[in-house]
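Undergrad: First the structure, then my questions, so here it is.
The values are calculated or read from the model by the stated rules, or taken from the named source; none is laboratory data. Here the structure is a predicted model, which is why all the values come from computation and not from measurement. Neighbour counts run over all protein chains shown; Cβ positions are idealised from the backbone, glycine included. For the accessible areas, the whole protein counts, side chains as well, though only heavy atoms, and no ligand, DNA or RNA atoms are used. Shrake-Rupley method; radii C 1.70, N 1.55, O 1.52, S 1.80 Å.
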Amino acid sequence: MVGDSEALKRLESYDMDDLVIATLCSHTSLQIFDGARKEGFKTLGISIGPPSKYYDAFPNARPDEFLVVDNHVDILSKADELCAKNAILIPHGSFVEYLGPDNFENLTVPTFGNRKVLKWESSRIKEREWLEGAGIKMPRLFTKPEEIDRPVVVKFDGAKGGRGFFIVKDYEEFNKVGPTQRYTIQEYVLGTRYYLHYFFSPLKEEGYRLSNGSLELLSIDRRDETNIDEMYKLGSQEELKKLDLYPSFVVTGNVPLTIRESLLAEVFNMGEKVVEKSFDLFGGIIGPFCLETIVNDKLEFKVFEVSARIVAGTNPFISGSPYSDFIEPNLSTGRRIAQEINIACELDRLDEILS
Ligand code: ATP
């Protein structure tokens with residue numbers, strides 16, 4: 001049991017034969033609705049304003065029903081309505097980001113996963129405590145700009161999707177940019193990026209076992225980031241700076257990837273450590289999470305971020321991935337979430353995967 005929250009108590013009035021999978025219309029919602037339907041659930045899309053017409057274009061992924069609200073915070077006042085419909089909420093990046101982690105924690109609707117994780121992933125300080133405490137290697141942190149002795153990435157607090165980051169090579173360059181907001185300075189890790197999509201099940205008793213439950217690797221992607229990913233076509237960054245053109249890291253899409261097979265042992269080792277540490281810190285992460293990593297030419301990983309819920313990088317894998325195919329065909333992360341809810345219902349252990 002991940003907690004005896006108010007939301008969880010509301011399960012007592014639920015009709016377990018008529019559960020509805022609900023999420024905010026955005027981010028990974030198509031995948032979540034499609035996966036839920038494949039697992040036999042009804043679906044509900046929470047839409048800010050009138051539902052976008054693109055849902056009509058994808059009949060299998062269109063929710064059975066929409067709940068329309070004016071803005072994100074209004075979702076809080078819809079808790080009774082959602083519970084009356086037997087809704088289970090699936091958090092995703094935009095849902096948590098736009099509602100805000102604090103509001104999300106107070107939403108009294110049964111929600112997939114352990115909400116306590118939100119506090120740990122939304123603060124760069126707590127995130128580092130979790131990952132480094134788990135024995136994961138992260139990019140070096142520079143507490144004083146004067147100490148910059150190599151290329152670094154300066155991340156503003158509250159920056160979303162890599163917007164507002166900048167790269168500098170030394171202290172002099174840092175001063176020229178002169179950031180005015182609160183920031184974190186991280187070593188710029190040179191290497192190739194892999195965004196590893198895991199799923200931790202506290203219910204499954206076969207596969208890659210942990211001290212409790214089992215860990216899966218469902219897929220891997222790399223983000224397409226504008227304009228850094230295409231900038232080289234215009235010339236060197238040094239040349240471009242003279243024209244006032246600086247790199248940005250704004251995510252626009254996702255590319256499917258596989259990793260050298262020999263690196264999979266370390267991929268699982270890292271996922272295992274992150275889950276095991278989460279048991280000690282906040283009672284355990286549940287369901288999908290992503291480690292955002294860079295591999296250098298010595299084949300060493302550094303993890304620069306953990307996202308503790310379904311990430312948009314899983315979207316290319318609606319019909320499965322080269323990894324989920326080894327578990328079962330057509331297994332997207334959205335479907336795996338619905339499957340976990342089904343397994344929990346069968347075992348009468350729903351309270352162990354919801355909060
Ligand atoms: P999101 O919340 O969407 O994950 P964010 O605003 O927290 O985004 P990050 O994921 O930390 O931002 O970083 C955005 C991008 O910046 C990364 O995808 C990666 O390309 C680059 N990046 C971040 N940290 C580093 C680093 N230490 N070294 C090299 N590149 C980095």
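Undergrad: Quick check on my filter: what residues within the range 10-51 are of a type in the set (Gly, Ala, Ser) and in contact with a Lys or Arg (Cβ under 9 Å, 6 or more places away or on another chain)?
TA: Those that are of a type in the set (Gly, Ala, Ser) and in contact with a Lys or Arg (Cβ under 9 Å, 6 or more places away or on another chain): Ala22, Gly35, Ala36, Gly45.
Undergrad: Right, next: Kindly check whether there is at least one residue in the range 10-19 that is free of Cβ contacts under 8 Å to residues at least 12 places away in the same chain and open to solvent by 20 Å² or more (accessible area, probe 1.4 Å).
TA: yes
Undergrad: Quick one: count up the residues across the range 335-355 that are assigned to a helix (DSSP H, G or I), open to solvent by 40 Å² or more (accessible area, probe 1.4 Å) and in contact (Cβ under 8 Å) with a residue 40 or more places away in the chain.
TA: Result for the range 335-355: 7.
Undergrad: Test each condition in (1) in contact with a Lys or Arg (Cβ under 8 Å, 6 or more places away or on another chain); (2) near the ligand (Cβ under 10 Å from one of its atoms); (3) within 30 Å of Glu6 (Cβ to Cβ); (4) acidic (Asp, Glu) for Glu105 and report the one that comes out false.
TA: (2)
Undergrad: Only residues that are over 30 Å from Pro110 (Cβ atoms), β-branched (Val, Ile, Thr) and either open to solvent by 60 Å² or more (accessible area, probe 1.4 Å) or within 16 Å of the ligand (Cβ to nearest atom) (or both): list them for the range 260-301, please.
TA: Hits for the range 260-301 are Thr293, Ile294, Val295.
Undergrad: Still on this model: From the list Glu127, Glu132, which one is touching a helix residue (DSSP H, G or I) at 6+ places or on another chain (Cβ under 8 Å) and either buried (at least 17 other Cβ atoms within 10 Å of the Cβ) or closer than 30 Å to Arg260 by Cα (or both)? Don't jump to the end; show me each part of the working.
TA: Details: Glu132 fails: touching a helix residue (DSSP H, G or I) at 6+ places or on another chain (Cβ under 8 Å).
Result of the check over Glu127, Glu132: Glu127.
Undergrad: Now a separate question. For Asp297, work out the one condition from (1) assigned to a loop (DSSP other than H, G, I, E, B); (2) under 23 Å from Glu206 (Cα atoms); (3) not hydrophobic (A, V, I, L, M, F, W, C) it doesn't fulfil.
TA: Among (1) assigned to a loop (DSSP other than H, G, I, E, B); (2) under 23 Å from Glu206 (Cα atoms); (3) not hydrophobic (A, V, I, L, M, F, W, C), the lone unmet condition for Asp297 is (2).
Undergrad: Please count how many residues of the range 212-255 are surrounded by 14 or more Cβ atoms within 10 Å (Cβ to Cβ), within 16 Å of the ligand (Cβ to nearest atom) and assigned to a helix (DSSP H, G or I).
TA: Going through the range 212-255 one residue at a time, the tally reaches 4.
Undergrad: Might you check whether a residue that is acidic (Asp, Glu), within 13 Å of the ligand (Cβ to nearest atom), more than 25 Å from Tyr98 (Cα to Cα) and modelled with pLDDT of 90 or more occurs anywhere in the range 170-182?
TA: Within the range 170-182 (the criterion being acidic (Asp, Glu), within 13 Å of the ligand (Cβ to nearest atom), more than 25 Å from Tyr98 (Cα to Cα) and modelled with pLDDT of 90 or more), the answer is no, since none of the residues qualifies.
Undergrad: Here is a follow-up. Condition test on Gly93, is it at positive phi, surrounded by 15 or more Cβ atoms within 10 Å (Cβ to Cβ) and within 20 Å of the chain's Cα centre (by Cα)?
TA: no
Undergrad: Another question, then. Which members of the range 146-201 meet the condition of being more than 28 Å from Ala308 (Cβ to Cβ), outside any loop (DSSP other than H, G, I, E, B) and under 29 Å from the mean Cα position of the chain (by Cα)?
TA: Val168
Undergrad: Quick check on this structure: which one of Pro63, Pro50, Pro139 is part of a loop (DSSP other than H, G, I, E, B), open to solvent by less than 50 Å² (accessible area, probe 1.4 Å) and without any contact (Cβ under 8 Å) to a residue 60 or more places away in the chain? Show your work before the answer.
TA: Numbers: Pro50 fails: open to solvent by less than 50 Å² (accessible area, probe 1.4 Å); Pro139 fails: without any contact (Cβ under 8 Å) to a residue 60 or more places away in the chain.
It is Pro63.
Undergrad: May I pose another question? Is there any pair linking a residue in the range 89-118 that is assigned by TED's automatic domain parsing to the domain that holds Thr43 to one that is within 16 Å of the ligand (Cβ to nearest atom) and charged (D, E, K, R), with Cβ under 7 Å and at least six apart or on different chains, and which?
TA: Pro91/Arg309; His92/Arg309; Gly93/Arg309; Val96/Arg309; Glu97/Lys160; Pro101/Lys119; Gly113/Arg309
Undergrad: From the set of residues in the range 302-318 that are open to solvent by less than 10 Å² (accessible area, probe 1.4 Å) and of a type outside the set (A, V, I, L, M, F, W, C), which is nearest to the ligand (Cβ to nearest atom)?
TA: Within the range 302-318, the match that is nearest to the ligand (Cβ to nearest atom) is Ser307.
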